[in-house]
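Contents: one structure, followed by commentary.
Nothing in this text is a laboratory measurement; each read-out follows from the coordinates by a stated rule. The structure presented is a predicted model; accordingly, all values stated were derived computationally and were not measured. Here the Cβ positions follow ideal geometry from the backbone for every residue, glycine too, while neighbour counts run over all protein chains shown.
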Amino acid sequence: MALRTAALMQAALGILLTTLSGTTSMVTVSMKEVVKVLRGTTANIPCEAFISEETNNTFVQWFIMGPSHRERIYYMGGPVSIADNGTEYTNRISMSQDYTLTIRDVTLQDHRVFFCQVGAVSAGNGESRTELLVFAKPEPPEIEGTHTGISVLETDPSKIATCTARNGYPSLNITWYQNQRPFVDSGNVATQVTKEASGLFTVTSSLYYKVTKEDINSAFYCEVSYLTPEGESMMESEHIRVDVYYPVENVKLTVDTPSGAIKEGDMVTLRCHGDGNPELPYSFARVMHDDQEEDLFSEGDTVVLPSVTRADGGIYRCKVFDFDQAIEIQDDVKIDVNFMDPIVLTPGNLSEVDVGKSVTVACNALSSGQSKHIFWSKDGTEISNHNNLTLQNVSFESSGLYTCAVSIPDVPGLEETKSIQVTVRGKPILDAPADPIEGHLGTKINLTCRARGFPEPKITWQVAEGTEDPVHKSDEKGVSSSLPVVLDDDLQVSCVATNSLGSAEHHFSFSIVPDIKTTTVPGSKIETLKKAESKGVIIVGIIVGILLLAILGSVLYFLYKKGKIACGRSGKQEITRTASDKDGIVMEMKTDKAAEEAGLLQGVNGAKQPPGEQTERYIDLRN
């Protein structure tokens, strides 16, 4: 739009000048002052023309500025529109109907001025120009740091790194950064610009800098800036770090392992560290009492002392010699090796104690620590926390293994233990049931005797022959013996425990439980007892029967006295009853001749019935 406006203004100015000069027609050409394009792409250079009169006879020509003269590269006139032969643009250009020139595969040589000329036969011709600017994007910048370390002792700035940006157009610019801060001192940067045969530019920049100790972790990089048709652009290189060398100022010798207190048998690792870069060789030594040094074998910054003893305690030293400054720096560390000697028990040969006596055992252990924890235990149970263990009025239960443990609380794992076996001597003590043993006659039971004592007692049995052999057992609680027997009235059993110091005896007592279901042998006491029991039962049955008959007679006599019973001498007599009583129960009682002769049936007045007469009585028992 701006180009068209400029062309109209030029045309108007041309008409005005023609009118003033007496000319009636003219041609005005308008073009951009500059056209920007990236190398390898296509460039379009527009050309606009204004002709003051109508004409069909128009021509257009494109020119470039050669070394000495202008050279035409394109022509259009009438039906002819063609690029000139023999030029560098013959095969790369074309022109559209609006006179725009198109250049393909733009190269750096295309960075020049192009002329557009438009003419008409009657109106003359007009011309304008455009400068074509060509840009090339460079390759990503490459950075290479110094391979050797840089010492802070250097008096002059040292070369840090070199940055290279290749094949850019027009020329490039390189800026250096440290930790994202640009270097403003340009005197520490050396830059070299090279124009390649292709016409492109390569820029190499080197950074020089006086490093300090704080630069050991710094990141250095470069940034290349270049022009494009759209404006300025930038690319950043990789970030690098350089080795900064500085002398050692301090050395520290430490115990690396173990982390806590050291005890005999530990593996101790000593590590030395200096604050210089690079690390210098370390030497290790043990300082003796006369301040003499005993060299130690080391690997790098480490010394290993395997399985230390109390003799390894003392002062250890690490040294570093700085050749650049001709100084030696050292550091010492003191090692304390904690120890504990084996426990001593007093008396140490205690083996046997008599029953009822008292005994004291002292526990002591020489150690490096003043604060010690001592405790006694028996069968895993703590029984005392004093050096001396006192057992008063001992019994067989006091026998066992007693262990004394001594430890230092400040040194975990430093502990010693020692045990002593206490055996209580005494004559046997029997453990047998005091109460009578109950059971049925003929029942088989097991009798058990247990005994404690030292020396170990032997259990024997006193019993009638015919029993089975006893079973003997022994454990930490003593000895035991079991004997199977059969209960009988005459059974007598005793167990006797005997050792070299005496004996103990126990007599068993029994309680027989009656059992009528017990199977008996003919002629035995059990059978006689059962017969006596049977006779008693028969007598009791007879007595009960007599009592029942007396009660029945009393009832009959009572009914007779009340008139409820009537008796006749012959035939049948029916006791008077009402009609409602006819459904009652009638009992018929008959007496035979023998009964009459025995006088069991008598008259009301006590007279006997005639012997040959048969009598029948009916008794009606009403409900």
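In table form, for the structure just shown:
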item	result
Inter-part distance where region 136-165 and region 312-370 are each reduced to a Cα centre, Å	59
Loop sites in region 182-225: GluC sites (Glu not before Pro), DSSP, at most 14 other Cβ within 10 Å	Glu196
Average silhouette area of region 222-381, convex hull of alpha-carbon atoms, in square nanometres	21.4
Distance between region 272-292 and region 229-250 - C-alpha centres, whole angstrom	36
Compactness relative to 2.2 N^0.38 Å, alpha carbon Rg of region 432-513	1.12
Protection proxy ranking, peptides 79-86, 339-346, average beta carbon neighbours within 10 Å, highest first	339-346, 79-86
Phi-based couplings in Hz for region 42-47 (Karplus 6.51, -1.76, 1.60; Gly and Pro marked x)	10, 10, 10, 10, x, 9
Against the rule of thumb 2.2 N^0.38 Å, how large the Cα Rg of region 344-426 comes out	1.15
Per-selection metrics, region 180-252 (Cα): Rg and Dmax in Å	17.3, 61
